[in-house]
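Undergrad: Mind having a look at this structure? Questions to follow.
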Amino acid sequence: MFYSDLTPFGVDMERLAKDRLARLQAAMKHQNLGALVLTDFLNIRYATNTVMMLGLRATGIQRFALIPAQGEPLICQRELARKKHFRSLRFDAYMFAMRPPVATEDFVNQAVLGLKQLGVAGERVGVDFLNLAAVDGLKDAEINLVDGWPAINQARVVKTIDERQALRKSDPPEDKLSRIMLDYLLDQGFEAGSEFISIYDSSLADSRPHNEPMGSDLVIKDGDLVICDATVAGPGGYYSDFARTFSHGAPTSETKQRYKEAYHSLQEALKFVRPGPCTEAFRHFGRGASARLPGFDGFHGVGLCIYESPWLRGGDPEKYMISLEENMIVALEINHYPVKLEHLLRVTADGAEILSQYPVDPELVPA
């Protein structure tokens, strides 16, 4: 389990964030760095005290952070987090290394723009993990890119007072429910049960929102919608990814209607999963969509990693167009929050074969 708020464990979160960033920036100055480009989720968490989808063993880059040697970080990420801890820019080219080359170009342009915004584009810039095409792109843009790991290791090797804080046992209800599911999956021979994430998205999100969309800090109340998103590695390490939504107690008329819209979108979107270019899918969720389906958020490949090629998501520009081929395995997502429905599919010559066996009810089910 992952916790974005360690206050229940006796940790001063404000001091933890301040002290870790101070250590990192001091190490950067010692290494003569003007900035760091961080893509590794642990390094980003250390520098900014923010998390996103921590339970996923995703090798693609979900977001990146630009850390100046002095001043406030700049985070570029998918539009998922509800609370902004630092300045944030929308990052549409996430997972760029597995997408058409133009996505890497978009990442480079955004990184350069951010470095210029921070006033450090002309200084030495350290990096932790990047594919070679992105490295070459940054160098072609005259960014003086160097190894950022000496500064990162220098900062992280000595722990702050809150990192040393002994954590007390705690059992938040969300976490407890997730562990029940984990135990069952591990008993069935699944390999990476820690990647099973339960998301509980509240109908009262405005008054008690999660820090992140995959948090574990809420007590479930009557009227909440419970999203169970099974992103888990089975025997052999191959992932499954599907999601269902339930109502804790009797659903409201609003949540029932929201679910009805999501269910309709799922049934319609199944028709677009077939071999060939995804032109028809773009008509229903792309930026220039002429017949938008509520919540239709595209799909991603699934295999030994939860996120693999092919990759096509809602809001993508048409230049990110891909084609599907027979025997590709994809997860089709309807993110019509607070409702989420997702199928695991195999692409066949005749369309989509549904691999996720758990039923999808046509109406919102009380649980």
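Undergrad: Going by what's in this entry, would residue 244 be described as farther than 28 Å from residue 324 by Cα, at pLDDT 90 or above and either in contact with a strand residue (DSSP E or B) (Cβ under 6 Å, 6 or more places away or on another chain) or of a type in the set (Phe, Trp, Tyr) (or both)?
TA: Details: farther than 28 Å from residue 324 by Cα: no; at pLDDT 90 or above: yes; either in contact with a strand residue (DSSP E or B) (Cβ under 6 Å, 6 or more places away or on another chain) or of a type in the set (Phe, Trp, Tyr) (or both): yes.
It is false that residue 244 is farther than 28 Å from residue 324 by Cα, at pLDDT 90 or above and either in contact with a strand residue (DSSP E or B) (Cβ under 6 Å, 6 or more places away or on another chain) or of a type in the set (Phe, Trp, Tyr) (or both).
Undergrad: Within the range 48-61, identify whether any single residue is modelled with pLDDT of 90 or more and surrounded by 15 or more Cβ atoms within 10 Å (Cβ to Cβ), and answer yes or no. Can you show your working first?
TA: Residues of the range 48-61 modelled with pLDDT of 90 or more: 48.
Checking which are surrounded by 15 or more Cβ atoms within 10 Å (Cβ to Cβ) leaves us with 48.
Yes, the range 48-61 contains at least one residue that is modelled with pLDDT of 90 or more and surrounded by 15 or more Cβ atoms within 10 Å (Cβ to Cβ).
Undergrad: Which condition does residue 298 not pass, out of (1) in contact (Cβ under 8 Å) with a residue 40 or more places away in the chain; (2) under 24 Å from residue 77 (Cα atoms), if it passes all the others?
TA: Checking residue 298 against (1) in contact (Cβ under 8 Å) with a residue 40 or more places away in the chain; (2) under 24 Å from residue 77 (Cα atoms), the one that fails is (1).
Undergrad: I'm trying to understand the selection: among the residues of the range 334-359, which are of a type outside the set (S, T, N, Q), closer than 18 Å to residue 240 by Cα and surrounded by 18 or more Cβ atoms within 10 Å (Cβ to Cβ)?
TA: 334, 340, 341, 342, 343, 344, 345, 347, 352
Undergrad: Would you tally the residues in the range 155-188 being assigned to a loop (DSSP other than H, G, I, E, B) and either at pLDDT below 60 or basic (Lys, Arg) (or both)? Give the steps one after another, and end with the answer.
TA: From the range 155-188, those assigned to a loop (DSSP other than H, G, I, E, B) are 157-172, 188; that's our starting set.
Next, from what is left, pick out any that are either at pLDDT below 60 or basic (Lys, Arg) (or both): 159, 164-172.
Qualifying residue count, the range 155-188: 10.
Undergrad: Within the range 308-332, can you find the residues that are part of a loop (DSSP other than H, G, I, E, B) and under 19 Å from residue 265 (Cα atoms)? Even if it seems obvious, please write down each step before you answer.
TA: Residues of the range 308-332 part of a loop (DSSP other than H, G, I, E, B): 314-317, 321-322, 325-328.
Of everything in the range 308-332, those that are part of a loop (DSSP other than H, G, I, E, B) and under 19 Å from residue 265 (Cα atoms) turn out to be 314, 315, 316.
Undergrad: Further, regarding this structure: If I go through the range 110-144 residue by residue, how many of them are within 17 Å of residue 25 (Cα to Cα) and either open to solvent by less than 30 Å² (accessible area, probe 1.4 Å) or more than 26 Å from the chain's Cα centre (by Cα) (or both)?
TA: Just the residues of the range 110-144 that are within 17 Å of residue 25 (Cα to Cα), to begin with: 115, 118-121, 123-128.
Filter once more, so that each one left must be either open to solvent by less than 30 Å² (accessible area, probe 1.4 Å) or more than 26 Å from the chain's Cα centre (by Cα) (or both): 115, 119-121, 123-128.
Residues in the range 110-144 being within 17 Å of residue 25 (Cα to Cα) and either open to solvent by less than 30 Å² (accessible area, probe 1.4 Å) or more than 26 Å from the chain's Cα centre (by Cα) (or both): 10 in total.
Undergrad: Assigned to a strand (DSSP E or B) and open to solvent by 10 Å² or more (accessible area, probe 1.4 Å): does that describe residue 291?
TA: Details: assigned to a strand (DSSP E or B): no; open to solvent by 10 Å² or more (accessible area, probe 1.4 Å): yes.
Spelling it out, it is not the case that residue 291 is assigned to a strand (DSSP E or B) and open to solvent by 10 Å² or more (accessible area, probe 1.4 Å).
Undergrad: Take residue 313 and decide whether it is touching an Asp or Glu at 6+ places or on another chain (Cβ under 7 Å), open to solvent by 60 Å² or more (accessible area, probe 1.4 Å) and either closer than 26 Å to residue 237 by Cα or hydroxyl-bearing (Ser, Thr, Tyr) (or both). Before the answer, list the steps.
TA: Numbers: touching an Asp or Glu at 6+ places or on another chain (Cβ under 7 Å): yes; open to solvent by 60 Å² or more (accessible area, probe 1.4 Å): no; either closer than 26 Å to residue 237 by Cα or hydroxyl-bearing (Ser, Thr, Tyr) (or both): yes.
Spelling it out, it is not the case that residue 313 is touching an Asp or Glu at 6+ places or on another chain (Cβ under 7 Å), open to solvent by 60 Å² or more (accessible area, probe 1.4 Å) and either closer than 26 Å to residue 237 by Cα or hydroxyl-bearing (Ser, Thr, Tyr) (or both).
Undergrad: On the basis of being in contact (Cβ under 8 Å) with a residue 12 or more places away in the chain, out of contact with any Pro (no Cβ under 6 Å at 6 or more places or on another chain), assigned to a helix (DSSP H, G or I) and open to solvent by 10 Å² or more (accessible area, probe 1.4 Å), does residue 258 make the cut? Step through it out loud before you land on a result.
TA: Working: in contact (Cβ under 8 Å) with a residue 12 or more places away in the chain: yes; out of contact with any Pro (no Cβ under 6 Å at 6 or more places or on another chain): yes; assigned to a helix (DSSP H, G or I): yes; open to solvent by 10 Å² or more (accessible area, probe 1.4 Å): yes.
Against the criterion (in contact (Cβ under 8 Å) with a residue 12 or more places away in the chain, out of contact with any Pro (no Cβ under 6 Å at 6 or more places or on another chain), assigned to a helix (DSSP H, G or I) and open to solvent by 10 Å² or more (accessible area, probe 1.4 Å)), residue 258 qualifies.
Undergrad: Does residue 270 fit the bill of being under 22 Å from the mean Cα position of the chain (by Cα) and open to solvent by less than 80 Å² (accessible area, probe 1.4 Å)? Steps first, answer last, please.
TA: Numbers: under 22 Å from the mean Cα position of the chain (by Cα): no; open to solvent by less than 80 Å² (accessible area, probe 1.4 Å): yes.
Answer is no for this residue.
Undergrad: Return the residues of the range 261-275 that are part of a helix (DSSP H, G or I) and either under 11 Å from residue 341 (Cβ atoms) or of a type in the set (A, V, I, L, M) (or both); say none if nothing qualifies. Full working, then the answer.
TA: First, the residues of the range 261-275 that are part of a helix (DSSP H, G or I): 261-272.
Those that are part of a helix (DSSP H, G or I) and either under 11 Å from residue 341 (Cβ atoms) or of a type in the set (A, V, I, L, M) (or both): 261, 262, 263, 264, 265, 266, 267, 269, 270.
The values are calculated or read from the model by the stated rules, or taken from the named source; none is laboratory data. Worth saying up front: this structure is predicted, and the values here are computed from it rather than measured. We place every Cβ from the backbone using ideal geometry, glycine too, and count neighbours over all the protein chains shown. The area values use the complete protein model at the heavy-atom level, side chains included, leaving out ligands, DNA and RNA. Shrake-Rupley method; radii C 1.70, N 1.55, O 1.52, S 1.80 Å.
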